[in-house]
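Heads up: the structure comes next, in structure tokens.
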Amino acid sequence: MTYLPAPDSETQLAIYRRMALIKANDERSRKVIRSGRLVMPYYSPRGQEVIPSAMSACLTDEDYICTIYRGTHDMLAKGVPLRDLWAELAGRVTGTCKGKGGPMHITHPRSGVMITTGIVGSSMPIANGLAWASQLKGDGRVTIAYFGDGASNIGAFHESLNLASVWKLPVIFVCQNNEWAEHTAYAKCTSVDQIAKRGAAYGMPGVHVDGNDVFAMYAAAKTAVDRARCGEGPTLIEAMTYRFHGHVFGDADGYMDKARKERAMAEDPVPRFRDHLIAAGIAGEEELVSLETEIEGLLDDAVEFALASDFPGLEELGKDVFAEDVPA
Amino acid sequence: MSARGSALAEGKSNILSSVNAALADAMREDETVLVLGEDIGDAEEGGVVGVTRGLSSEFGDHRVRTTPISEQAIVGAAIGASLAGFKPVAEIMLMNFSTVAMDMIVNHAAKLRFMSGGQTNVPIVIRTMTGTGFGSGGQHCDYLEAWFAHTAGIKVVIPSSPADAYGLMRSAIDDPDPVLFIENLPTYWNQDDAAPPGCRVPIGKANILAEGSDVTILAYARMIQEAKPALARLAEEGVSAELIDLRTIAPWDRETVLASVARTGRLLIVHEAVTPFGAGAEIAAVVNEQLFGRLKAPVRRLGGAFCPVPFSKPLETAFAPRTDDIVGAARALLQPA
């Protein structure tokens, strides 16, 4: 039997902390948008908490991620501070990007979030470049490209996997298969029953894993990260999950099968893993309530900090276009 | 084998060799400079016309990487490596092939500095070649500089001489932001004075090639070759024409152009790109805004015909402006209204 790396108790708790933060942050985002205090395009990652939480348990602050517009879970799991994140969501000068990027372009190099793209598939070509840099420097860093199942049908996916394999780059392509490419169902627009099978076409391992199962996801993540770090090249991970909400906030999701969605929500990975921690004696109810309360407090603080912050000055229109200011 | 070739006279160079020398000098001085693109390694003969010949042998395949035919992956890899501290020079073999990498160039390279609030920047150079004259038809020789100049966050340079090719390439590699570097294919081998090693030509500075008082002719790339003989013919008719090589499309040198047109009162803009919505349209608009009362005639533009580049030789020749067209247009500018 093959040895599968498993997270120890401390790691499991750290993974749960990330998952709880992502879930609470999502609920807070929806609440604040509904209240009218904040206007932003919002692509909920609810239901996909396990994937980046388990991935990040295998990464360091120095490792890079490239993520996409549905990527708040990836960012939070990698450690983007809540205040900086929320101020950016609110378009304030105290945000990660001075309010100039917004929710679809969160960048935070200190935690390794090198780019968030609003273009489907475009995290992958850039992730290759970061991984190439690590290969040249020999710094041992690993780069993760996050993307959805829809992105596996765009040219950038195919060009990127081929190049990564030819150059043996320390990059991991993590496809979060939530069954929906915007409004279109997976099977209607994808030629294979498993995206993982496409790994074989590019000479790399293609791993199909239950992305809502912490243990399976951790094992896949750890194996791929170890492989990349020791110079053995890229891996494609297809992490199966389900998107609890419509494509974008405000989308009534009439195209999603109700029974399928209800089943997915009944199997919500966050309370499921919470129950496991208690049953396995890794954490007590009180400890978890305290953790969740702490998260709510951090969110209160981040939202108020963001909304109390200033908007960027209009002179910012001419700044950061180039290194030198653009004349008005 | 050096791309500098054996036929170059002392102190002379050509654009192809000058770009090669600029890349080699930059790579020698700065180990963060990388080169990537299709067919660029010496195993592939150093590029389809040999611009990168010798680089992989001198600097190794790790710094000079031949890529698959994957333009998005090429530009993406350059962007990613630049985010981690490298200065990649990516070759997109022909300018028309940049169309399949537009997302990486326009949505990413050009915008990451702004969208990250200045936390990241993309110090890459994208080299590409183009130009009519070799009968390559509708998808291999377009001038698309205006598309990129229309995007905030990317600079566009376009040398017409060996010395400018060297100096602008060194400046482009030094630049902390993305630079699109356009090379004209048919004039790669034309000889002229070589640049002194290490010299820089500033981005955003035009070059007055000939001074004149009656009309300003503003051109770039191969159109300089067409404009030079026009000066002598106009002089025979008693017309004193000033010739400016724009050299940088974005940001273009308003100061030099406006000062010249303020003196001559007449402007003829010549480019190989099709006329409608071309770089000439923007320059003409600014000149009209700034010098309206001082113009002696409306600004005139000469550009490629508004059709795909044709294959058939007479059509291809007629597509782009020629010396005769430039003389005729300049003459028309001097006719009393």
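Read the figures in this text as sums done on the coordinates, not as results from a lab. All of these numbers come straight from a predicted model, not from anything done at the bench. Reconstructed Cβ throughout: ideal geometry from the backbone, glycine too, with neighbour counts over all protein chains shown.
Which value, in debye to the nearest 20, describes the size of the charge dipole of region B:12-193 about its Cα centre when Lys and Arg Cβ atoms bear +1, Asp and Glu Cβ atoms bear -1, and nothing else is charged?
Dipole size: approximately 380 debye.
Could you give the angle, 0 to 90 degrees to the nearest 10, between helix B:71-83's Cα long axis and the longest principal axis of the Cα atoms of chain B?
80 degrees
How shielded is A:316-326 by partner chains, expressed as the average number of their Cβ atoms within 10 Å of its Cβ atoms?
That works out to 5 on average.
Counting DSSP beta bridges in region B:12-193, what percent are antiparallel, to the nearest 5?
Taking every DSSP beta bridge within region B:12-193, about 10 percent pair in antiparallel fashion.
Quick check on the exposure proxy: order A:Glu88, B:Glu45 from fewest to most C-beta atoms within 10 angstrom.
Fewest to most other Cβ atoms nearby, the residues stand as B:Glu45, A:Glu88.
Considering only Cα-Cα distances, which of the following residue pairs are longer than 26 Å: A:Lys168/B:Lys111; A:Lys168/A:Lys197; B:Lys111/B:Lys205?
A:Lys168/B:Lys111
Working from Cα positions, state the angle (0 to 90°, nearest 10) between the long axis of helix B:323-334 and the longest principal axis of chain B.
50 degrees
Which whole-number percentage describes the relative contact order of chain A, with Cα contacts under 8 Å and a sequence gap of 6 or more?
Relative contact order here is 22 percent.
What is the sum of charges, Lys and Arg at +1 and Asp and Glu at -1, for the other residues whose Cβ falls under 10 Å from the Cβ of A:Ala306?
Details: positive: A:Arg37, A:Arg83, A:Arg92; negative: A:Asp84, A:Glu88, A:Asp301, A:Glu304.
Once all neighbours under 10 Å are counted, the net charge is -1.
Taking one equal scatterer on every alpha-carbon of region A:126-251, how large is log10 of I(q)/I(0) by Debye at q = 0.10, 0.13 1/Å?
Treating every Cα as an identical point scatterer, log10 I(q)/I(0) equals -0.31, -0.51.
log10 I(q)/I(0), Debye, Cα-only chain A, no solvent, q = 0.10, 0.14, 0.15 Å⁻¹?
Taken in order of the listed q values, log10 I(q)/I(0) reads -0.57, -1.13, -1.29.
Going Cα to Cα from B:Lys313, which lysines come in below 30 Å? Please leave out same-chain ones fewer than 8 positions away.
Partners within reach: B:Lys228.
With the cut-off at 23 Å, tell me which of the pairs A:Lys31/A:Lys261; A:Lys319/B:Lys155; A:Lys100/B:Lys155; A:Lys188/A:Lys258; A:Lys222/A:Lys261 have Cα atoms farther apart than that.
On the way: A:Lys31/A:Lys261 21 Å; A:Lys319/B:Lys155 15 Å; A:Lys100/B:Lys155 21 Å; A:Lys188/A:Lys258 18 Å; A:Lys222/A:Lys261 30 Å.
Pairs exceeding the cut-off: A:Lys222/A:Lys261.
What distance in nm separates the two pseudo spin-label positions at B:Arg263 and A:Ala323, each 7 Å out from Cα along the beta-carbon direction?
Reported label-point gap for B:Arg263 and A:Ala323 is 3.2 nm.
For the protein assembly as shown, state the semi-axes of the equivalent ellipsoid (square roots of 5 times the eigenvalues of the alpha-carbon gyration tensor), sorted largest first and rounded to whole angstrom. If you can, show how the numbers build up before the last one.
Working: eigenvalues 551, 150, 86 Å².
Sorted largest first and rounded, they come to 52, 27, 21 Å.
What length, rounded to one decimal in nm, is gained on full extension from A:Lys197 through to A:Leu13, with 0.36 nm per residue of separation minus their alpha-carbon distance?
63.0 nm
Normalising by the residue count of region B:12-193, find the relative contact order in percent from Cα pairs under 8 Å and 6+ residues apart.
27 percent
If the elastic network links every pair of Cα atoms under 10 Å, which of B:Ala78, B:Ala221, B:Ala297 fluctuates the most in the Gaussian network model of chain B?
Result for chain B, Cα springs under 10 Å: B:Ala297 fluctuates most.
Tell me, what is a quarter of the convex hull surface for the C-alpha atoms of region B:207-334, in nm² with one decimal?
Its Cα hull, projected and averaged over all orientations, spans 7.3 nm².
State log₁₀ I(q)/I(0) for chain B at q = 0.13, 0.14, 0.16 Å⁻¹ as given by the Debye formula over alpha-carbon point scatterers of equal weight, solvent excluded.
Here log10 of I(q) over I(0) equals -0.96, -1.10, -1.38.
How large is the Rg to Rh ratio of region B:73-208 when both quantities use alpha carbon positions and Rh follows Kirkwood?
0.97
For helix B:223-236, report the angle its Cα long axis makes with the longest principal axis of the Cα atoms of chain B; keep it between 0 and 90° and round to the nearest 10°.
30 degrees
Residues in region B:196-217 near a label at B:Arg294, defined as backbone nitrogen under 17 Å from the 7 Å Cα→Cβ point?
Counting only backbone N, you get B:212-217.
Averaged across orientations, what area in nm² does the convex hull of the alpha carbons in region B:133-186 project? Walk me through the numbers on the way to the answer.
Values: hull surface 17.1 nm².
Computing the convex hull of the Cα atoms and averaging its projections yields 4.3 nm².
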